[in-house]
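**Student:** Input: one structure, supplied below.
The values are calculated or read from the model by the stated rules, or taken from the named source; none is laboratory data. Only a predicted model underlies this, so the values are computations on that prediction, with no experimental measurement involved. When we count neighbours, we look across all protein chains shown, and the Cβ atoms used for this are built from the backbone with ideal geometry, even at glycine.
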Amino acid sequence: MASKQPYFQLTPRGFPQTLSIVVTTYNEQEALPFLRQRLTAFLATLPCRAEILMVNDGSSDLSLKHLIEWSNADPRVRVLNLARNFGHQAAATAGLDHATGEAVVLMDADLQDPPEVIAQMLDEYRKGYDVVYGRRTKRAGETAFKKATAWVFYRLMRILIHPDLPSDVGDFRLVSRACLNALLSMRETHRFLRGMVAWVGFPQTAVDYTRDIRVAGETKYPISKMVALAWTAAVSFSPTPLRLSFGLGILIAAIGMLQAVNAVIRSILGLHLVEGWSSIIVVNCLVGGSVLISIGVLGEYVGRIFESIKERPLYIVASNINRPAESVSTQLAALGDVLAVSKEVPVEK
Ligand code: UDP
Ligand code: MG
C-alpha cells in the first residue's frame, strides 16, 4: 500500500552550521552517564558545530541533577526542564521548538539509538534529503512480544495514517530546518510526530541500524503508553475508526432486520417459532451495543475537538538552563519562517 513519493530534485549541501541533538529524558539517571560519554565522544568526531538539547520531562529521580552538571561542564549542552511529565511526544516537541540548528536530530536517552548513526544521517542530509530516519533492521534484546506488537503497530499505522509512514521507524531521525519549521507550524494537541513528519512531506530517506538494548534502567514506554500512543495516532490522523463503528452499526442493524424477516416468514409458513423472548433480548443487545460503540468513538473525536479548542500550551517550560543569548533572535527569525511556511502548507490528503 506504499504510495509514490513525489519526485524531488535533490540539491547537495554542506554540513549544517549547527547540528542540534534533542534528547528526551524521563527518569534516566542510570542511562545519563553512558549517554554523556557516548555523545561527547561522538561530538568530537563531528566536522560541524553542535548543540545538545536535553529535555527533562518531569523526571522524579536525579536526572535533572545529572543534566545540570553536564550542562555546567559543557557549554554545548542546554537543559530544557519541563514543569511535569508531559509525555514523550510533548517533550520531543519542546526540544524541537527550542533547537536552533539547521539540522536537528531527535533521539532517546537510553542509547538504543546509537549516536554514531547520526554520521550516516548527515551524509544523506548532505545529499539533499530533508528527513533521514533511522530504520531498525534488528532489535537486539527485545522480547518477542515487544517485537510482535511493534510489527503490528507499524503496519496498522500505515493503513490508518499515511501510506508513506515507514515501517520499523521510531522517532530517531534527522530533519532539516525547512522541514522542522513546517512541522512546528502544526500545533495540534494530540501529537504523533512520526505521522506528522510523513504528512509534511519533503524528500525522505532511511539509514538502517541495529537497535541496541537499553544501556541502563527500565523502559518508560509500558504497554499502556504504547496503546495510548497507537490510539492517539489512529484517532488524531484518520476518521477510519469512526467509519468502522458506522459500518459495524449497519451490519448489526442488518442482522436484526434479517432476524425480523425470518420471524415473519416462519410465522406465515406456520413453521415453529421460538417464543420470541430470546430474539428480543438478542436484537436489543445488538442494537444497543452498536449504538454505544458509535457514541463511544464519536465521543472520542468530540473530546479531542474540545481539548484542541482550549488551545492550551503543549508544555510549560519551568527553566531554560544555559540558553545562549543570541538564541532569542534566532528563535524569532525561525518563528517568522514558521509563519511563512504555515501559509504554504499543502492541501490535506
Ligand atoms: N520518555 C519521556 N517521557 C515519557 C516517557 C519516555 O521523555 O513520558 C523518554 C525516555 O526517557 C526515553 C525515550 O522517551 O529517552 C523513549 O522511552 P523508552 O526508551 O523508555 O521507550 P522504548 O524504547 O522502551 O519504547
Ligand atoms: Mg528505549
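Every residue, every condition in (1) touching a residue at least 40 places away in the same chain (Cβ under 8 Å); (2) loosely packed, with under 15 Cβ neighbours inside 10 Å; (3) among the hydroxyl-bearing types (Ser, Thr, Tyr), yes or no:
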| position | (1), (2), (3) |
| --- | --- |
| Asp208 | yes, yes, no |
| Ser224 | no, yes, yes |
| Trp231 | no, yes, no |
| Leu244 | yes, yes, no |
| Gly249 | yes, no, no |
| Ala254 | no, yes, no |
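**Student:** So, one more: Would you confirm whether or not the stretch 107-115 contains a residue that is more than 21 Å from Arg36 (Cα to Cα), assigned to a loop (DSSP other than H, G, I, E, B) and within 16 Å of ligand 1 (Cβ to nearest atom)? Give the steps one after another, and end with the answer.
**Tutor:** Pass one, the stretch 107-115, residues more than 21 Å from Arg36 (Cα to Cα): none.
No, that holds for no residue.
**Student:** Of all residues in the stretch 73-95 being among the basic types (Lys, Arg) and surrounded by fewer than 23 Cβ atoms within 10 Å (Cβ to Cβ), which is nearest to ligand 2 (Cβ to nearest atom)?
**Tutor:** Checked the stretch 73-95; the qualifying residue nearest to ligand 2 (Cβ to nearest atom) is Arg84.
**Student:** If I ask for residues that are part of a strand (DSSP E or B) and farther than 16 Å from Glu142 by Cβ, which ones from the stretch 162-180 would you list?
**Tutor:** Asp171, Arg173, Leu174, Val175, Ser176
**Student:** Are any of the residues in the stretch 29-51 within 21 Å of the chain's Cα centre (by Cα) and surrounded by 19 or more Cβ atoms within 10 Å (Cβ to Cβ)?
**Tutor:** no
**Student:** Looking at the stretch 17-28, I want the residues that are farther than 12 Å from Val105 by Cβ and have a partner that is surrounded by 24 or more Cβ atoms within 10 Å (Cβ to Cβ) and at pLDDT below 95 with Cβ atoms under 9 Å, at least 6 apart or on another chain. Which pairs are those?
**Tutor:** Close Cβ pairs satisfying both conditions: none exist.
**Student:** If you scan the stretch 247-270, which residues turn out to be touching a helix residue (DSSP H, G or I) at 6+ places or on another chain (Cβ under 7 Å) and within 30 Å of Thr189 (Cβ to Cβ)?
**Tutor:** Leu248, Gly249 - these are the residues of the stretch 247-270 that are touching a helix residue (DSSP H, G or I) at 6+ places or on another chain (Cβ under 7 Å) and within 30 Å of Thr189 (Cβ to Cβ).
**Student:** Then there's this: Tell me the residue from Phe172, Phe202, Phe192 that is touching a residue at least 40 places away in the same chain (Cβ under 8 Å) and touching a Cys at 6+ places or on another chain (Cβ under 6 Å), please. Walk me through it before giving the result.
**Tutor:** Details: Phe172 fails: touching a Cys at 6+ places or on another chain (Cβ under 6 Å); Phe192 fails: touching a Cys at 6+ places or on another chain (Cβ under 6 Å).
That would be Phe202, the only listed residue that is touching a residue at least 40 places away in the same chain (Cβ under 8 Å) and touching a Cys at 6+ places or on another chain (Cβ under 6 Å).
**Student:** Restricting the search to the stretch 187-241, which residues are within 16 Å of ligand 2 (Cβ to nearest atom), in contact with a helix residue (DSSP H, G or I) (Cβ under 7 Å, 6 or more places away or on another chain) and not in a helix (DSSP H, G or I)?
**Tutor:** Of everything in the stretch 187-241, those that are within 16 Å of ligand 2 (Cβ to nearest atom), in contact with a helix residue (DSSP H, G or I) (Cβ under 7 Å, 6 or more places away or on another chain) and not in a helix (DSSP H, G or I) turn out to be Tyr209, Val215, Ala216.
**Student:** Those residues that are under 16 Å from Phe42 (Cβ atoms) and assigned to a helix (DSSP H, G or I), I need them from the stretch 126-154; list them, please.
**Tutor:** Hits for the stretch 126-154: nothing passes.
**Student:** Next question, about the same structure. State yes or no: is Met157 part of a helix (DSSP H, G or I), at pLDDT 80 or above, under 16 Å from the mean Cα position of the chain (by Cα) and crowded, with 17+ Cβ neighbours inside 10 Å? Before you say what the answer is, go through the steps one by one.
**Tutor:** Details: part of a helix (DSSP H, G or I): yes; at pLDDT 80 or above: yes; under 16 Å from the mean Cα position of the chain (by Cα): yes; crowded, with 17+ Cβ neighbours inside 10 Å: yes.
Yes: the conditions hold for Met157.
**Student:** Let me ask something else. Specify the residue that is nearest to ligand 2 (Cβ to nearest atom); the eligible residues are those in the stretch 163-186 that are under 16 Å from the mean Cα position of the chain (by Cα) and within 17 Å of Leu314 (Cβ to Cβ). Working first, answer last.
**Tutor:** Here is the first cut: in the stretch 163-186, the ones under 16 Å from the mean Cα position of the chain (by Cα) are 163-175, 179-180, 182-186.
Of the ones still in play, those that are also within 17 Å of Leu314 (Cβ to Cβ) are 171, 180, 182-186.
Numbers: Asp171: 10, Leu180: 23, Ala182: 27, Leu183: 22, Leu184: 24, Ser185: 28, Met186: 25 Å.
Result: Asp171.
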